[in-house]
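J.: I am attaching a structure below and will ask some questions about it afterwards.
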Amino acid sequence: MANPTVAVVILNYNGSNYLERFLPSVLASVYDNMTVIVADNASTDFSRELLAQRFPAVVLITLDKNFGFAEGYNQALQQVQADYYVLLNSDVEVTPGWIGPVIDVMEADSSVAACQPKILSYHEQHLFEYAGASGGWIDHLGYPFSRGRVFEVCEADRGQYDDVTEVFWASGAAMFVRAPVFHEAGGFDGSFFAHMEEIDLCWRIQLMGYKICCVPQSVVYHIGGGTLPKGNTRKVYLNFRNNLIMLGKNLPWTEKLWKFPFRIFLDALFAWKSLLSGFSESFVAVFKAHLSVMRWCITGGQYRTKNKRPMKSLGGVYRGSIIWSYFIEKKTRFSEIVKKNF
């Protein structure tokens, strides 16, 4: 019996250097029913010429403008037929057997709709990488963190998170998702452009009754920060705006009535701290994010998600505050904060 069809789809925008460096590892993947696709977000470098000359086996989808990460994938995946999509960042090096373990888990349990591999740092390969580590979690106020990464602290990988486990979100750097579920869920929220879109999607997928998992027997290495560098004010704006919109969309009213204003208060504290520390650009970015969220609320966008349930009923939710655990209790490791079989 043939393996399920897998489409590895790499969204690219002016990333010819990454394509040249990392596509060979993707093409060397050990899986006999795989198609590798590059969806080009109207690049202005020589990405398309590189693919034609060096990687003729790669299928090219050309988009007519830069749609960003979220809508770029939405546009591209309308043109892709497969049982499973693997959404892979262009700055990721994969290991030869990275596909099989994840597909095996998903084939064995039809309730698992999305997964991620273990994501390690490309430059420091003994460390977990910021964007997902060994599976994404979220606290009850909506702050994301990961098994192996809490805020800026990335742990060393000692095999401590090598169990296949349910999580809240799978990293968009290397996300396996059932193709029919991706479309049934409505895909990514294109208005997010980039950042938080995979968490929002995984939240909606859980509300549909599915599970999200991490399969650490699959390993990839991620550079990170390739789209918007760390500290970029656009990144600050998108993170704060998208996180609040995600809460507004997916929380039931019983939780939204107090969590939403409390989060705005905490965001404001961060903004004022940034201003007093000399980072006025971050202050302005948070202020603009809040204005954008207010406009979104007025348009009624918060009513779009169906079947809302309390956060505590979902997988990968920490019922405490990651802010309190990290900044007040000085706990920097996932296993110190989420005490569960470690």
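Bear in mind that the values in this text are calculations on the coordinates, not laboratory data. Just so we're clear, the structure is a prediction, and the values are computed from it rather than from any experiment. Note: ideal-geometry Cβ built from the backbone for every residue, glycine included; neighbour counts use all protein chains shown.
J.: Would you point out the residue of region 128-163, among those that are hydrophobic (A, V, I, L, M, F, W, C) and surrounded by fewer than 17 Cβ atoms within 10 Å (Cβ to Cβ), that is farthest from the chain's Cα centre (by Cα)?
T.: A156
J.: If we keep just the residues of region 22-51 that are charged (D, E, K, R) and touching a residue at least 12 places away in the same chain (Cβ under 8 Å), which is surrounded by the fewest Cβ atoms within 10 Å (Cβ to Cβ)?
T.: Filtering region 22-51 for residues that are charged (D, E, K, R) and touching a residue at least 12 places away in the same chain (Cβ under 8 Å), the one surrounded by the fewest Cβ atoms within 10 Å (Cβ to Cβ) comes out as D32.
J.: While we're on this one: So which of S110, S121 is of a type in the set (G, A, S) and either closer than 30 Å to V153 by Cα or touching a Leu at 6+ places or on another chain (Cβ under 7 Å) (or both)?
T.: Every option except S121 fails the conditions.
J.: Filter region 250-291 down to residues that are of a type in the set (S, T, Y) and either over 24 Å from L201 (Cβ atoms) or crowded, with 17+ Cβ neighbours inside 10 Å (or both) and give me whichever is farthest from the chain's Cα centre (by Cα).
T.: Result: S277.
J.: Further, regarding this structure: Name every residue in region 48-71 that is in a helix (DSSP H, G or I) and touching a Phe, Trp or Tyr at 6+ places or on another chain (Cβ under 8 Å), in order of residue number.
T.: Residues satisfying the conditions are G68, F69, A70, E71.
J.: I've got another one for you. Kindly list the number of the only condition in (1) of a type in the set (V, I, T); (2) surrounded by 23 or more Cβ atoms within 10 Å (Cβ to Cβ); (3) more than 20 Å from E107 (Cα to Cα) that fails for T233.
T.: Result: T233 fails condition (2) only.
J.: Being crowded, with 19+ Cβ neighbours inside 10 Å and in contact with a strand residue (DSSP E or B) (Cβ under 8 Å, 6 or more places away or on another chain) is the filter here, so list the residues in region 1-17 that pass it.
T.: Within region 1-17, V6, A7, V8, V9, I10, L11, N12, Y13 qualify.
J.: Among the residues of region 86-120, what is the count of those that are within 15 Å of I205 (Cα to Cα) and either surrounded by 24 or more Cβ atoms within 10 Å (Cβ to Cβ) or of a type in the set (V, I, T) (or both)?
T.: Counting residues in region 86-120 that are within 15 Å of I205 (Cα to Cα) and either surrounded by 24 or more Cβ atoms within 10 Å (Cβ to Cβ) or of a type in the set (V, I, T) (or both) gives 5.
J.: Scan G159, G132, G142 and give me the residue that is on the phi > 0 side of the Ramachandran plot and either basic (K, R) or free of Cβ contacts under 8 Å to residues at least 40 places away in the same chain (or both).
T.: After applying the criteria, what remains is G159.
J.: For region 192-214, check the following and say yes or no: at least one residue is in a strand (DSSP E or B) and in contact with a helix residue (DSSP H, G or I) (Cβ under 7 Å, 6 or more places away or on another chain).
T.: yes
J.: Scan region 15-30 and tell me whether some residue there is hydroxyl-bearing (S, T, Y), over 17 Å from G224 (Cα atoms) and touching a helix residue (DSSP H, G or I) at 6+ places or on another chain (Cβ under 7 Å).
T.: Scanning region 15-30 turns up no residue that is hydroxyl-bearing (S, T, Y), over 17 Å from G224 (Cα atoms) and touching a helix residue (DSSP H, G or I) at 6+ places or on another chain (Cβ under 7 Å).
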